[in-house]
Structure formats: structure tokens, C-alpha cells
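Quick note: the coordinates plus some simple rules give every number you see, no bench work behind them. Computed from a predicted model, the values in this text were never measured in an experiment. Note that each Cβ is placed from the backbone with ideal geometry, even for glycine, and that neighbours are counted across all protein chains shown.
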Amino acid sequence: MTEEHSAGPAHEPPPTHRPVRAGRAILLLIVVAIAVAATGVVGRRKDDESLAKWTQEQAIPTVALVSPQSGGEVRDLALPGNVEAFYTAAIHAQVSGYVQEWRKDIGAKVRKGDVLAVIETPELDQSIAVAESQVAKAKANLALAKVTAERWNSLRASAAVSQQTVDEKTADARAQAAEVDAVQANLDRLKAQKAFANIVAPFDGIVTVRNVDVGSLVRADAASGAELFAVADVHAMRVYVPVPETYAAEMKDGMKATLDLPEYPDRKFDAKIETTSHGIDQKSRTLLVELLADNKDGALFPGAFARVHFQIPPDANIVRVPASALIYRDNAIQVGVVDPKNRVTATKIASAWMWVMRARPFVRG
């Protein structure tokens, strides 16, 4: 026999357990939220403090300390210089005419007396012809005057003529002799000018300029135009360098130097000081120095640019600092100096020069 149970609701946990567990969960979430919020606030505060500290550090200028060096080493003084030929002659025409021919072009090696060009001088040739005829006429007149004077002198012995007449004939002969000398001198002058129809080299060298061509009209006036030729003696070269007044006292005769030229980047040329101008140019405040450089191989050209290096002896009174340590302010050159109290001050070179040995200039970073 089956026992039947009456239907009814199932048994459930006591209703008081659910509210307790839910409260604990909410409390846990609140604690976590507070912890997260506190962590974020603390983190942001640390970030703000780090950023502020970094900003302050960046605001402090960074400098590098260097110690000044006394001038105990040989100093290399490099200055620009101009290379010129040992001798240079600009040749102008001394007679007017037309160029009949030219025999030497630029770059030609010439010897003293070599003909560079020949000028055709028709006007001068005509003047010479006239002068020659005048000389012939004067000589004929002189011969006649001499014969006449001799005849009158012989007649004076017989008292056939007066002494006054004899003296006049003798004086006339002397005047004719002077006339011969005058016209002969004029002829010699014209012939001397004719000799300049041949343009010749004044010395051994190289032709560097030719400004004429066949048929060109030239005039006997140096101010009328450019030179016909230019000849340069390049067996040795003169180098002219304007040296600042600061180093003028260091430039001594015989002092050696070296030359750097752009066309010879791997070669140096030796030179030595021949002389100086012994005077300071008031416009540039420089001393003009002349050096001599041997040029047996012809590598140096007139008109070239050269960088001249002088080896200046050391000066114990000079203190050297890097160029980056200099500060240009208020139209004056200053240097940053660290004093014994580790304070940096900007001091003018003129006032800091004497005691910079006891401090250290800084290089701005």
C-alpha cells in the first residue's frame, strides 16, 4: 500500500543568509575602489613631483668645465697671402703704329732681348727720311761755309777784305756746324724711337699677358690702354701677407713659413720672410710682410691665393681658452669663470685675463 504525501512547497535555506553575503560583497567592492582611488592619487602625485623635479633640473643650464692653458706651445698662425712674381713688367708701346706680327704667346718662355712683336711705323719712317735729308742739307751748307770762311781768311792776309767780313764768314761756318749737330741729334732720336718698333722682353721669364694681334693699332701712350705684353720672372715668388698688429712684433727677417695652395691640397711650399714694411697700415691695422718662395719647378703661379702658416714662438704671458668659452655680449668679449665658491660669473677678457689662471672658464652646453 502506497503511502501518499501531501503536495506543498519545497524546503529553502533560512532567509537570513542572503543579505549577509551581499553586504560583504558590496563592502569588499567599496574597499577595492577606495584602494584603487588612493593608488591613483598617490601615483599622480608622484608623477607630478617627478615632473616638477625634471623641469627644475632642465631649467638649470649645463656647462662643461675646462682649465685654461698657458701659452707654452708653438702657435700656428694661418693668414691669407697673395703670390706674385719675383719681377713683373707691363710692356707698353713707345711708338705708334700697327702690329705687323707677334712672335710670343702667353706661357712662352723668353730670354732677355727676345722680340715679342714688331710694330709697323709708316709715320715714323717718313719722319726719319725727312730728318736724313735735313742732315744732308745741313752738312752741305756746313761744307760751303767752311770753304767760304777759308777763302775770306786768305784774302784778309792781303788786306782785300775787312776783318769784320772774315769774322762773319767764320761765325757762319760755326753756325752751320751747330745746325748739323742739331739735325743729326733729331735723326738719332727718331732712329732710337724706331728701335722700339721691336717689342722685346726686358728679362728672362714667362709671357703672362698678350693683348695685341696682327693689325692692331697701338699708340705711344701708356695711359691710353692696357699693356701689350706682360712678362714675369718666376724663378722665385714673392708672397705678401697682411699680418695683424697683434703679431707684428713676431715677424722677423728670415723667419720660416709654409704655404698651402688650393690647387695643391697635398703639398706644402717652404718660404721665409724677406722683409716687412716696418709700418702699420692705419686702415687695416696690419703689417705688410714679404716672403720669398723658391719656384724652380714652376708650380707657383703669379696671382695665386695662398694660406701662409707662421710658427709663432710660445708666450708664457698668454692664457688660451676654447673659442666656445667666449661670450659675446654688450659689444664685449666675456668668459664664464667659476670662482672658489663655485659661482659662475661672466667677466670681460680685459679684466679676467690676469686672474683667469686661478679660476676655470666654462663652456656653455
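Figures for the structure shown
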read-out	value
Set of lysines near Lys268 by C-alpha distance (under 30 Å), chain-local residues within fewer than 8 positions excluded	Lys109, Lys252, Lys256, Lys296
Taking Leu291, Leu51 and counting other C-beta atoms within 10 Å, the order from fewest to most	Leu51, Leu291
Proxy reagent accessibility, fewest Cβ within 10 Å first, across Phe229, Phe203	Phe203, Phe229
All aspartates and glutamates inside 17 Å of Lys112 as judged from Cα atoms, apart from same-chain residues fewer than 8 positions distant	Asp204, Asp233
In region 136-226, the GluC sites (Glu not before Pro) that fall in loop regions by DSSP, at most 15 other Cβ within 10 Å	none
Cross-link partners of Lys139 among aspartates and glutamates (Cα-Cα below 18 Å; sequence separation of 8 or more within a chain)	Glu150, Asp172, Glu179, Asp181, Asp188
FRET E, pair Arg343, Ala299, Förster distance 56 Å, beta-carbon r, rounded to 0.05	0.45
In region 64-162, the trypsin sites (Lys or Arg not before Pro) that fall in loop regions by DSSP, at most 16 other Cβ within 10 Å	Arg103, Arg111, Lys112
